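Below: the structure, in structure tokens.
We did not get these values from a lab; they are worked out from the coordinates using the rules stated. As the structure is a computational prediction, the values presented were derived from the model and not from experiment. Note: ideal-geometry Cβ built from the backbone for every residue, glycine included; neighbour counts use all protein chains shown.
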Amino acid sequence: MGTRRKSRELAMQALFFMDSGPNDSEEMFELFCKNFKPPEKSFDFFLRIVKGVIASRSEIDSLIERHSSNWKISRMPRVDRNIMRVAVYELLFCEDIPPKVSINEAIEVAKKFGSDDSGAFINGILDSIRLTRVSEKRD
């Protein structure tokens, strides 16, 4: 498994953990890292994703909700929403990662951690976001 895939998986798990608790505080993040120590070679990208998602979560969640049919972010399975948060962060803020790579990585993480329907659900929303961003860049 590649270093970035491992970073994405750990980021999703950290965000899931913080999503399960009372808040996404620095203490919750430190508790996660203490119990599930990220490997050194994965740490920088992992940290970039987690901190980025936390800083931009309202924008990311709003975008996910706008592109999902009749689904509020709070009703989505916690695993799925955190996989999408990671991917949407990459789509918005990681110019060095092609959008299709972010989407494919999200689908692979969903196959490992999500339900049987997670991959299709996540793919539909992320591809809709990608297509909207492509058309916005053309205008």
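Computed over the Cα atoms, what is the radius of gyration of the range 92-136 divided by 2.2 N^0.38 Å, N being its residue count?
Values: Rg = 11.0 Å, N = 45, 2.2 N^0.38 = 9.3 Å.
Relative to the 2.2 N^0.38 Å estimate, the range 92-136 comes out at 1.18.
Over all other residues within a Cβ to Cβ distance under 10 Å of A87, the charged ones net out to +1, with Lys and Arg as +1 and Asp and Glu as -1. One equal scatterer on each Cα of the range 3-138, no solvent, Debye formula: the resulting log10 I(q)/I(0) at q = 0.10, 0.12, 0.15, 0.17 Å⁻¹ is -0.29, -0.42, -0.66, -0.86. In this structure, the residue pairs whose Cα-Cα separation is over 28 Å, taken from K112/K137; K72/K100; K34/K111; K41/K137; K37/K72; K37/K137, are K112/K137; K41/K137; K37/K72; K37/K137.
Would you work out the charge dipole size for the chain about its Cα centre, treating the Cβ of every Lys and Arg as +1 and the Cβ of every Asp and Glu as -1, and quote it to the nearest 20 debye? Each step should come with its number before you reach the end.
Numbers: 23 positive and 22 negative charges, 47 e Å.
The dipole magnitude comes to about 220 debye.
Projecting the Cα atoms of M28, V79, V101 onto the dipole axis of the chain, where Lys and Arg carry +1 and Asp and Glu carry -1 at the beta carbon, places V101 farthest toward the positive end.
Any idea what the relative contact order of the chain is, in percent, if you count C-alpha pairs under 8 Å spaced at least 6 apart? Taking the mean separation of contacting Cα pairs over the length of the chain, I get 23 percent. P(r) tail for the range 1-55: Cα pairs beyond 18 Å make up 21% of the total.
Taking a sphere under 11 Å around the Cβ of F43 and counting the other residues whose Cβ falls inside, with K and R at +1 and D and E at -1, yields a net charge of +2. Neighbours of E65, meaning other residues whose beta-carbon lies under 14 angstrom from its beta-carbon, give a summed charge of +3 when Lys and Arg score +1 and Asp and Glu score -1.
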